[in-house]
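This report concerns only the one structure given below.
The values are calculated or read from the model by the stated rules, or taken from the named source; none is laboratory data. Note that the structure is a prediction, hence the values are computed from the model and not measured. Because the Cβ atoms are built from the backbone with ideal geometry, glycine has one as well, and the counts that use them run over all protein chains shown.
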Amino acid sequence: MPLSPLPLAKSTTALSLAEIERNGEGWLLDGEIRRHSKTTLTNRRLIIDKLLWFLRERKYATCALLELRQFLAYISRGNEDGGRWETLT
């Protein structure tokens, strides 16, 4: 079965950082309920934490598709511009 594009591609709704944190906690809780491994839950927490770090470093109050794409581009570039997860300037 071919993969379909993420439904986010049609969404223009921006979420506040508080909403992202709340939904992230729900995603973690869902993983616990489904009895995902500790590694999976740790990786989910890492994704949430790094996304929030990125948004705060860029001083974004909300996050929509553009900001998610910027985050994915940032993490795909590796260790340029002072290394990943350093203070952005």
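Couple of notes before you dig in:
- Among the residues of region 20-30, those that are within 15 Å of Thr62 (Cα to Cα) and surrounded by 13 or more Cβ atoms within 10 Å (Cβ to Cβ) comprise Ile20, Glu21, Gly24.
- Residue match in region 14-27 (condition: assigned to a loop (DSSP other than H, G, I, E, B) and modelled with pLDDT of 95 or more): yes
- Of the criteria (1) surrounded by fewer than 13 Cβ atoms within 10 Å (Cβ to Cβ); (2) modelled with pLDDT under 95, which one Arg56 fails: (2)
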